[in-house]
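Comments concern the structure below.
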Amino acid sequence: MKKLLFLLPVAALLIQACSNDFEVAAPWKEVPVAYAILAPKDTAQYIRVEKAFLDPNVNALQIAQIADSIYYPENAITVNLERVTNGQRIQLHRVDGNLEGYVREDGVFATQPNWLYKTKEQVIEGEKYRLVIERNDGKPDITAETTIPSEFIMRTPNPADIPPVISFLRDISPTIEWRTDVSGVYFSIQFQIRYRENAPNGTLIKRDTLYWTPAPNVRRSDQQVAGNLYRGTFVVSTESFYRFLVENIPPASDRFRFFDGIDITLEGGGAEIERYLETAAANSGITGAEVIPTYTNLSEGFGIFTSKNRTILNKVRVSSQTITDMNKQSPERDLNFQ
């Protein structure tokens, strides 16, 4: 959950706090603020629920530093997830995010405690969920809806190949291609690149892993293909791949290097994420300290309730042609991959 999308570093942008851009002449008013990214493969779901104040007599920055001013009392609200198809409700429980591993960054807002609402109930791919925040003072419920994207289908590299293969050639860059249902709109692609170093006599020196995000923000096509699915593609530049390796691995003449495989993670979120990105500048994660939202899908107040999914293609082999092309010229030749 620390990383969205995304996504992005999007998907992630989304669990933040509220705007300080208040009209000082406005009458006192409490404004609900809520953020969540539901993810079926996460072990827990977290929702941030806060309140902003419009107060003509108090500076908003001062209010933001007082935890009791930005959080609802525990008995003031009840936070639920409702599965729309059958009306089943899951009640979330308040936890301190700082103790859950989501330490809130220093900034405009109070950092301790970092109240979040949590459930370990799994959300289901393809299902629509409704956020329902019940206020115990008689005010209307605050609601929002999102549909969880179904499992993404990788097409290239081809998962049917054992193992799947990817080639980074000087004159041909590889394409990542996938399929998604209508709920998957905005995507990121991450590579986990594993390699090892051997001495000339074959003795293992070390194993290492590099993490690369060649595509932080990719929108899938609006063109529908077979099975009522949508096509997503991204060309991973060979030049960018070589440059990433050169910038992160030192040259070596006293050892040989070998790729041990690449795990490709495709993470994608709903249309709400795209709309949010189009209308707001955001920073990542539920630990983010400040952001001014201009898009909301809540029935009242500010924030965003959305969802994401991910699929991982493991142990993709780097082709022998890639090694041949890398060794044609420096600086990538100096990495001594075999």
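A single member of Ala199, Ala215 is at pLDDT below 95 and either under 24 Å from Thr265 (Cα atoms) or not assigned by TED's automatic domain parsing to the domain that holds Lys51 (or both), and it is Ala215. Which of the residues belonging to the stretch 180-209 are free of Cβ contacts under 8 Å to residues at least 60 places away in the same chain and within 30 Å of Thr147 (Cβ to Cβ)? Listed by number, the residues that qualify are Asp181, Val182. Restricting Tyr102, Tyr129 to those that are at pLDDT 95 or above and either surrounded by 16 or more Cβ atoms within 10 Å (Cβ to Cβ) or closer than 17 Å to Val49 by Cβ (or both) reduces the list to Tyr129.
In the stretch 100-122, the residues that are closer than 20 Å to Ala39 by Cα reach residues that are part of a loop (DSSP other than H, G, I, E, B) and at pLDDT 85 or above with C-beta atoms within less than 6 angstrom, at least six apart or across chains, in these pairs: Trp115/Tyr71; Tyr117/Leu92; Lys118/Ala44; Lys118/Leu92; Thr119/Leu92; Lys120/Ala44. Just one residue in the set Gln45, Gln122, Gln62, Gln91 is over 23 Å from the mean Cα position of the chain (by Cα) and modelled with pLDDT of 90 or more; that residue is Gln91.
Any residue in the stretch 256-274 that is in contact with a helix residue (DSSP H, G or I) (Cβ under 7 Å, 6 or more places away or on another chain), modelled with pLDDT of 95 or more and farther than 23 Å from Thr147 by Cβ? Yes, the conditions are met somewhere in the stretch 256-274.
All conditions but one from (1) surrounded by 15 or more Cβ atoms within 10 Å (Cβ to Cβ); (2) at pLDDT below 95 apply to Gly138; the one that does not is (1).
The values are calculated or read from the model by the stated rules, or taken from the named source; none is laboratory data. Keep in mind that this is a model prediction, so the values were computed, not measured. Every residue, glycine among them, receives a Cβ derived from its backbone with ideal geometry; neighbour counts consider all protein chains shown.
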